[in-house]
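Student: The following block contains the structure, expressed as structure tokens.
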Number of protein chains: 2
Amino acid sequence: MKTISESRAFGGVQGVYSHASEACDGEMTFGLFLPEEAQEGPVPVLWFLSGLTCTHENAMAKAGAQGWAAEQGIALVFPDTSPRGAGVADDPAYDLGQGAGFYVNATEAPWSPHFRMWDYLAEELPRLLFNAFPVVEEAQAITGHSMGGHGALTLAMAFPGRFRSVSAFAPIAHPTASDWGRKQFTAYLGADEAKWAPHDATLMMKKRGFDGPLLIDQGASDQFIDLLMPEALIEAIARRRQPATFRIQKGYDHSYFFVSSFMEAHVSFHAEALFG
Amino acid sequence: MKTISESRAFGGVQGVYSHASEACDGEMTFGLFLPEEAQEGPVPVLWFLSGLTCTHENAMAKAGAQGWAAEQGIALVFPDTSPRGAGVADDPAYDLGQGAGFYVNATEAPWSPHFRMWDYLAEELPRLLFNAFPVVEEAQAITGHSMGGHGALTLAMAFPGRFRSVSAFAPIAHPTASDWGRKQFTAYLGADEAKWAPHDATLMMKKRGFDGPLLIDQGASDQFIDLLMPEALIEAIARRRQPATFRIQKGYDHSYFFVSSFMEAHVSFHAEALFG
């Protein structure tokens, strides 16, 4: 593992690290914020998965999460959204290829074998993180924005007991029924829609739900809301009687200004589960 | 108007009053909490509509609202849920007749002319209230529990601009599709379902929505949840992009223990709209 940078932030350290990834067959970069408390011993950790076009860097710089995490004594991990680099397939569209991994393991050419973000986040990066840094495997929570909200919700439901709480900002909520999903799942996973189902938060909510607290914020003026389909997920949540808080925030769009406006609430929400 | 009782409560006064009602063609009773501030001048007012089997008294005694209203300087009105008395029709079932007015104007025998709770709450009781007590007509909010949540939501959407905010505890959310609704609407309004639509929060949300903040709490262990149908309303809320907070509260049932547990949050929510 290589240290790209380490900067003092809110009494702790905002680091950026890279490492050779087996899952993605190449070099991967991630951000990690460790609060001051991590100098004394391991701390709980909140994963933040980012949206389309983002690297590990966007949320690190724009989500405004470190101050609240420092206040709570929680670490933050900011993974990248796809494999990168010259040998890695890409597409001219912003919503396919690099920056648009959709948190799945691609089985189709030209995306396989690099595009394996599911295994990267479900197995490889956690292993590295818990071996190399003072963070507690037994106290994890997960959140994300847009495509990252989709990733957070599907990972949380796929691994019961792993995450104490899950939240999402304007998640892609029903990708098997949306142009933000069908295109990418066809490209990465192939035409068999049965293989898509574990990567659809609405379908996973119907099938499994989440055994812990769930918080979703959605901007009412989100320019992409028709692609996100929050109504499908919330209906599934209500039908399941899944404990949850779902908020439609008047006037907010899809940007990081929306994310940062409600970051304090999300970090507090996770802190309650992580320290509870 | 007759004063039935006035008791000191949280520095203010919890009163119970009765009056001859034209809308309900008989004597009606209501509770009114006035905070200490009402001695100095008019205060904002929060309506609390109650559920099946309740009188004006249940929420007054069990919802735990007065302390929070006193802290905010807000009045609380607790209307009855139906006309009462020897000359008023009734039914042996708990969910029809006295204690089960469903906040509509009955057009069918034997319920007409007494069962006109819609006009009573939309016109007559407000008029009396704003004439006789130091409460501000321009600063109203409304909430309710179960059948009262249904009443609060439908009144709020029917009169745009009247209520600055609306909330509900486990509302009957889609009565035209539920046994808590179809039976009563058939009895009170007749078989023509077009006349039912203005009294269905889900249908009103699809058609009109609410121009202000909306908060709904629902217990995940509510024994009546299949009759309440929260999934229909929240799906309509999300589809409309209606600014709202919807929470499914783990472990809570349909009782006043659920209501009182989240009363502070609801009173604070309304206070923000009433004083904002």
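Student: How long is the gain from B:E108 to B:R162 if the chain were fully straight, where each residue apart is worth 0.36 nm and the alpha carbon distance is subtracted?
Tutor: 16.6 nm
Student: Compute the Rg to Rh ratio over the protein assembly as shown from the alpha carbon atoms, using the Kirkwood formula for Rh, and round to two decimal places.
Tutor: Looking at the protein assembly as shown, the ratio lands at 1.06.
Student: Return the sequence-ordered ³J(HN,Hα) values of region B:87-92 in whole Hz as given by the Karplus equation 6.51 cos²θ - 1.76 cosθ + 1.60 applied to θ = phi - 60°, using x for Gly and Pro.
Tutor: Computed from phi, the couplings for region B:87-92 are x, 9, 4, 8, 9, x Hz.
Student: Then there is this: Which distances in nm, rounded to one decimal and ordered from shortest, link the label point of A:R182 to the equivalent label points in the other identical copies, with labels set 7 Å from Cα toward Cβ?
Tutor: Its label point is 3.3 nm from the equivalent points in the other copies.
Student: Further question on the same structure: Give me the percent of DSSP beta bridges within region A:35-173 that run antiparallel, rounded to the nearest 5. Present the calculation step by step, with values, prior to reporting the outcome.
Tutor: Numbers: 2 of 14 bridges.
Roughly 15 percent of the DSSP beta bridges within region A:35-173 come out antiparallel.
Student: Semi-axes, largest first, in whole Å: what does sqrt of 5 times each Cα gyration tensor eigenvalue give for region A:115-238?
Tutor: Value: 24, 18, 13 Å, ordered largest first.
Student: Go through region A:121-132 residue by residue and turn each phi into a ³J(HN,Hα) via Karplus (6.51, -1.76, 1.60, θ = phi - 60°); whole Hz please, and just put x for glycine and proline.
Tutor: 8, 7, 10, 6, 5, x, 4, 4, 4, 6, 7, 9
Student: Can you give the three extents of the C-alpha atoms in region A:1-59 along their principal axes, from longest to shortest, in whole Å?
Tutor: Result, largest extent first: 35, 24, 20 Å.
Student: Can you give the Rg/Rh ratio of chain B, where Rg is from the C-alpha atoms and Rh is the Kirkwood radius?
Tutor: 0.94
Student: If you average the C-alpha positions of region A:164-216 and of region B:16-32 separately, how far apart do those two centres end up, in angstrom?
Tutor: Between the Cα centre of region A:164-216 and that of region B:16-32, the gap is 53 Å.
Student: Express the carbon and sulfur contribution to the solvent-accessible surface of region A:107-258 as a percent, rounded to the nearest whole number, probe 1.4 angstrom.
Tutor: Exposed carbon and sulfur together represent 51 percent of the surface.
Student: Rounded to a whole number, what is D in µm²/s for region A:166-231 from Stokes-Einstein with the Kirkwood radius over alpha-carbon pairs (4 °C, 1.567 mPa s)?
Tutor: Approximately 103 µm²/s, per Stokes-Einstein.
Student: Right, here's the next one. For region B:3-75, which whole percent of the accessible surface, found with a 1.4 angstrom probe, sits on carbon and sulfur atoms?
Tutor: 47
Student: Of B:Q98, A:I4, B:I74, whose Cα points farthest to the positive end of the dipole of the protein assembly as shown (charges on the beta-carbon: +1 Lys, Arg; -1 Asp, Glu; origin at the Cα centre)?
Tutor: The Cα lying farthest towards the positive end belongs to B:Q98.
Student: A follow-up question, please. If you take each beta carbon of peptide B:244-254 and count the beta carbons of other chains within 10 angstrom, what is the mean?
Tutor: Other-chain Cβ atoms within 10 Å of each residue's Cβ, averaged: 5.
Student: Would you mind giving the mean number of other chain beta-carbons within 10 Å of the Cβ of each residue in A:227-234, as a whole number?
Tutor: 4
Student: Starting from the Cα of A:D91, step 7 Å toward the Cβ, then list every residue of region A:24-68 with an amide N under 16 Å from that point.
Tutor: Of the residues in region A:24-68, A:52-54 have backbone N under 16 Å from the label point off A:D91.
Student: OK, next. Placing a label point 7 Å from Cα toward Cβ, how far apart in nm is B:K207 from its equivalents in the other copies, listed shortest first to one decimal?
Tutor: When each copy's label point is compared with this one, the spacings are 4.0 nm.
Student: Another question about this same structure. When the accessible area of each residue in region A:194-221 is compared between its chain alone and the complete protein assembly (1.4 Å probe; ligands, DNA and RNA ignored), which residues differ by at least 20 Å², being lower in the assembly?
Tutor: By number: A:A220.
Student: At most 15 other C-beta atoms within 10 Å and a DSSP loop state: those are the exposed GluC sites (Glu not before Pro) I care about. Give me the longest piece of chain B that has none. Before the final figure, lay out each step's value.
Tutor: On the way: sites that count: B:E22, B:E40, B:E108.
With a cap of 15 other Cβ atoms within 10 Å, the longest stretch comes to B:109-276.
Student: In debye, nearest 20, what is the charge dipole magnitude of the protein assembly as shown about its Cα centre with +1 on Lys and Arg Cβ and -1 on Asp and Glu Cβ, if you could check?
Tutor: Dipole size: approximately 440 debye.
Student: For chain A, with a Gaussian network of springs between Cα atoms less than 10 Å apart, report the residue from A:V13, A:V77, A:V45 with the top mean-square fluctuation.
Tutor: A:V13
Student: About its Cα centre, how strong a charge dipole does region B:71-127 have in debye, to the nearest 20, once Lys and Arg get +1 and Asp and Glu get -1 at the Cβ? Walk me through the numbers before you get to the answer.
Tutor: Details: 3 positive and 9 negative charges, 26 e Å.
Charge dipole of region B:71-127: 120 debye, to the nearest 20.
Student: Given an 8 Å cut-off on Cα distances and at least 6 residues of separation, report the relative contact order of chain B as a percent.
Tutor: 17
Student: So how much slack lies between B:Q39 and B:R8, counting 0.36 nm per residue of separation and subtracting their Cα-Cα distance, in nm?
Tutor: Answer, rounded to one decimal: 9.9 nm.
Student: Can you list the distances in nanometres, one decimal and ascending, from the B:G11 label point to the identical position in each other copy, with the point 7 Å along Cα to Cβ?
Tutor: 3.4
Student: Right, here's the next one. Buried accessible area between B and A (1.4 Å probe, both chains summed, ligands and nucleic acids excluded), in Å² to the nearest 100?
Tutor: Values: alone 11040 and 11030 Å², together 20300 Å².
Chains B and A together bury roughly 1800 Å² of accessible area.
Student: Just name one of B:F133, B:I248, B:G149: the one whose Cα is farthest towards the positive end of the charge dipole of chain B (beta-carbon charges, Lys/Arg +1, Asp/Glu -1).
Tutor: Of the options given, the answer is B:I248.
Student: Among DSSP beta bridges whose residues both lie in the protein assembly as shown, state the antiparallel percentage, nearest 5.
Tutor: Around 55 percent of the beta bridges assigned by DSSP in the protein assembly as shown are antiparallel ones.
Student: With every protein chain kept in place and ligands, DNA and RNA left out, what is the accessible area per residue of chain A? Probe 1.4 Å, answer in Å². Intermediate values should be presented prior to the final figure.
Tutor: On the way: 10150 Å² over 276 residues.
On a per-residue basis, 37 Å².
Student: How many Å³ per residue does the convex hull of the Cα positions in region B:8-95 occupy?
Tutor: About 104 Å³ per residue, rounded to a whole number.
Student: Separate question: Which one of A:G41, A:P160, A:S178 is farthest out on the positive end of the charge dipole of region A:22-178, using unit charges on Cβ (Lys, Arg +1; Asp, Glu -1) and the Cα centre as origin?
Tutor: Most positive-ward Cα: A:S178.
Student: If you put +1 on each Lys and Arg Cβ and -1 on each Asp and Glu Cβ, how big is the dipole of region A:119-192 around its Cα centre, in Debye rounded to 20?
Tutor: Rounded to the nearest 20 debye, it is 180 debye.
Student: Let me ask something else. In the Gaussian network model of chain A, springs joining C-alpha atoms below 10 Å, which of A:S146, A:S165, A:S178 carries the largest mean-square fluctuation?
Tutor: For chain A, modelled as a Gaussian network with Cα springs under 10 Å, the answer is A:S178.
Student: Taking the Cα atoms of region B:208-276, what is the range of coordinates along each of the three principal axes, in descending order and whole Å?
Tutor: Here the Cα extents, ordered largest to smallest, are 34, 28, 15 Å.
Student: Taking θ as phi - 60°, what are the ³J(HN,Hα) couplings along region A:196-210 by the Karplus curve (6.51, -1.76, 1.60), each to the nearest whole Hz, with x for Gly and Pro?
Tutor: Residue by residue, region A:196-210 yields 7, 3, x, 10, 10, 4, 5, 5, 5, 5, 4, 7, 10, x, 10 Hz.
Student: For chain A, what proportion of DSSP beta bridges, expressed in % and rounded to the nearest 5, is antiparallel?
Tutor: Here the share of antiparallel DSSP bridges comes out near 50 percent.
The values are calculated or read from the model by the stated rules, or taken from the named source; none is laboratory data. In this text the structure is predicted, and so the values were computed from the model without any measurement. Please note: Cβ atoms are built from the backbone with ideal geometry, for glycine as well, and neighbour counts cover all protein chains shown. For accessibility, only protein heavy atoms count, side chains too; no ligands or nucleic acids. Shrake-Rupley method; radii C 1.70, N 1.55, O 1.52, S 1.80 Å.
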